[in-house]
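Written out below as structure tokens is the structure these notes cover.
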Amino acid sequence: MIKMKSISLALFLIHYLTACQVNEGEAGLVLKELSISEIHKAYVDGSYNSLDLVEGYLSAIDEIDGQINAITVLNKDVRNIANALDKEYQRTKVLRPLHGIPIIVKDNINTVGMPTTAGSLALRDFIPEKNAFIIDKLVEAGAIILAKSNMAEWAFSAMHTESSTKGTTLNPYNLKYVPAGSSGGTAAAIAANLAVGGLGTDTGNSIRGPSSHNALVGFRTTLGLISREGIVPLFLRNDMVGPMCRNVEDATRMMEVMVGVDTEDSITLNSRGKTPDNYRQYLNENGLEGARIGVLRELSEDGTNAEIKALFETAIIDLRALGAEIIDPLVIPNFDILRKNQWCADFRTDVESFLETYVKNDTVKTIEDIIRIGTTSDYAKQQLLESTNAIGRWGDSDAECNDAYRDEKRIAFREAIEGVMDSLNLNAIIYPSWNNKPARIEYFEEEYKGDNSQIIAPHTGQPAFTVPMGYSNGNLPAGLQFLGRMYDEPTLIKLAYSYEQGTKHRKPPILDKKTILEINED
């Protein structure tokens, strides 16, 4: 047992808990990443408690975040919350599902006592009066809101993470590259082990894209499974909130406590009777045995980078070796036609409703007010200007815009996909989360290519999970995406967990100065 007299407990924990490699002599020290189950075991056997863990992560943020710029604000009450949870456990000897688990929350999700800015100057002083529905559920489960994370301003960018409130977040695996957007702050922070897990939001890409770029597991669940109440919207008809974690089990544990009907978000009424109480039962290492998985070559062969293609072909080999039957290629009739004209522009309606409901500030009521207040991001400024007049469906269709359960184009797209899945008895469909490597920060618009996450799930409403698939040159992560039927998260959990456990691709980034110099000279 290590004696704690010569160094503080916080210092010990940062050297034990941080996933990154920190400067410790010439060689550095590779340190351990912890899962929720490992942490709870430690709480039970008395190795450390919630307050100790919080102190360790606060030290990690202090030491590491200056390199990646992922955290926007710390929770000033975090030590009191941890201490109260420790006293509760001492009294009851019962751990709640996420008891004492520090998490990081994207800065567009309402949290009491902490700003919710969506990365904008217009909301920099907005402190919500109440938590978002899902934050209350996480807190009730024992989670500790450690900090808020940077994001692409107003969630406009899938390409990069730049805000007026914090600036630009860097990819911890290679600081020259983007972490993707818009949940890049959460992704970079969890990849660098600044907390156990985190929350992102996903309108088209923004959970799965950053998770893929940062060797994380990201769950975009069925539209209707989890409430979006209290979240600054981009396009509410597509918006979803979900977990971003270092492993499938932790993501499942976080997702499980967020599931539930919320009368303030009517789309969740569709989930009644479709959700098991326990999703952890589907964490099966042998979950790929006998599974039938289709390869959607129409996406995986679309201008794919040679290194990503090689990783994807290896993933298919691995899936077979783990017991899956691969149907390759999978053909969805009229796929290229069905995928078109799916987007609708409703940012003005959605964001102005949020301002009226939650912000309640007479000087910030419209997009014009937001533009008047200003932004430091040229990209966000352009998107705001375009949003002033954008309305209705993009493209050449005049079909009415609606949610995933009533929009005729969305329903037709979903029925075509699920119809083929049913006819072939498929459990899931796979494709690379990105067909290309992460873009360099200074060329993010020119090098933004191959974002497959935008194409299906946001429109059909289906669940899609990304899991680490390996790394390309430059230490750049890539992700494998599993697409499932509506409300079939149990199957995706089973498949993703089995693939993760069978391949073990996840590795921590390296953030000591010597290695950073070597990586960034590539």
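Taken together, the values in this text are just the output of simple stated rules run on the coordinates, not laboratory data. Just so it is clear, the structure is predicted and the values come from calculations on it, not from any experiment. Don't worry about glycine lacking a Cβ; one is built from the backbone with ideal geometry, like all the others, and counts go over all protein chains shown.
Extending 7 Å from the Cα toward the beta-carbon at both T357 and V44 defines two label points whose distance is 4.0 nm. For M240, the amide hydrogen comes within under 5 Å of the amide hydrogens of D202, T203, counting only partners 5 or more places away or on other chains and with H modelled in the peptide plane.
Of all beta bridges that DSSP places with both ends in region 9-520, some 70 percent have antiparallel geometry.
Applying 0.36 nm per residue to the separation of K32 and D422 and subtracting their alpha-carbon distance, the gain on full extension is 136.2 nm. A cut-off of 5 Å between modelled amide H atoms, ignoring neighbours fewer than 5 places along the same chain, links R393 with A345.
For region 375-382, putting each phi into the Karplus relation 6.51 cos²θ - 1.76 cosθ + 1.60 with θ = phi - 60° gives couplings of 8, 8, 9, 4, 5, 4, 4, 5 Hz, in residue order, rounded to whole numbers and with x for Gly and Pro. Report the net charge of residues surrounding P463, where surrounding means a beta-carbon distance below 9 angstrom and charges are Lys +1, Arg +1, Asp -1, Glu -1. Taking every other residue near P463 into account, the sum is 0. Which shape class applies to region 219-299: rounded if a/c is under 1.5, otherwise prolate when a/b exceeds b/c and oblate if not, where a ≥ b ≥ c are the square roots of the Cα gyration tensor eigenvalues? Cα axes put region 219-299 in the prolate bin. Centre-to-centre separation between the Cα atoms of region 377-401 and those of region 137-180: 24 Å. Between V112 and E408, what is the FRET efficiency for a Förster distance of 45 Å, r being their Cβ-Cβ separation, to the nearest 0.05? Between V112 and E408 the formula returns 0.65. DSSP assigns beta bridges within region 72-224; of those with both partners inside it, close to 35 percent run antiparallel. Descending by average beta-carbon neighbour count within 10 Å, the peptides 265-271, 466-472, 75-81 line up as 466-472, 265-271, 75-81, the highest first. Across region 255-267, computed HN-Hα scalar couplings (Karplus, 6.51 cos²θ - 1.76 cosθ + 1.60, θ = phi - 60°) run 4, 4, 7, 8, 5, x, 6, 10, 5, 7, 10, 4, 5 Hz from first to last residue, x flagging Gly and Pro. Among the GluC sites (Glu not before Pro) found in region 207-279, those both in a DSSP coil and sparsely packed, with 14 or fewer other Cβ atoms within 10 Å of their Cβ, are E264. Among the listed values [x] 26.6; [y] 24.0; [z] 22.9, the one computed from these coordinates for Kirkwood radius over Cα pairs in Å is [z]. Under the combined filter of DSSP loop state and at most 13 neighbouring Cβ atoms within 10 Å, region 223-301 retains these trypsin sites (Lys or Arg not before Pro): R272.
The 3J(HN,Hα) values that the Karplus relation (6.51, -1.76, 1.60; θ = phi - 60°) gives for region 491-500 are, in residue order, 5, 5, 4, 4, 5, 5, 5, 5, 5, 4 Hz. Gly and Pro appear as x.
Using the Cβ-Cβ distance between N341 and K130 with R0 set to 45 Å, the FRET efficiency works out to roughly 0.75. Amide hydrogen proximity for T72: with H placed 1.01 Å from N in the peptide plane, the residues at 5 or more positions away or on another chain lying under 5 Å are K148, S149, N150.
How much FRET efficiency would the formula 1/(1 + (r/R0)^6) give for Y443 and W394, where r is the Cβ-Cβ distance and R0 is 22 Å, rounded to 0.05? Efficiency computed from Cβ-Cβ geometry: 0.30. Any idea how far the Cα center of region 202-257 sits from the one of region 73-94, in Å? Spelled out, the Cα-based centre of one part sits 26 Å from the other. Each residue, R280 and L385, gets one label point 7 Å from its Cα in the Cβ direction; the gap between the two is 5.2 nm.
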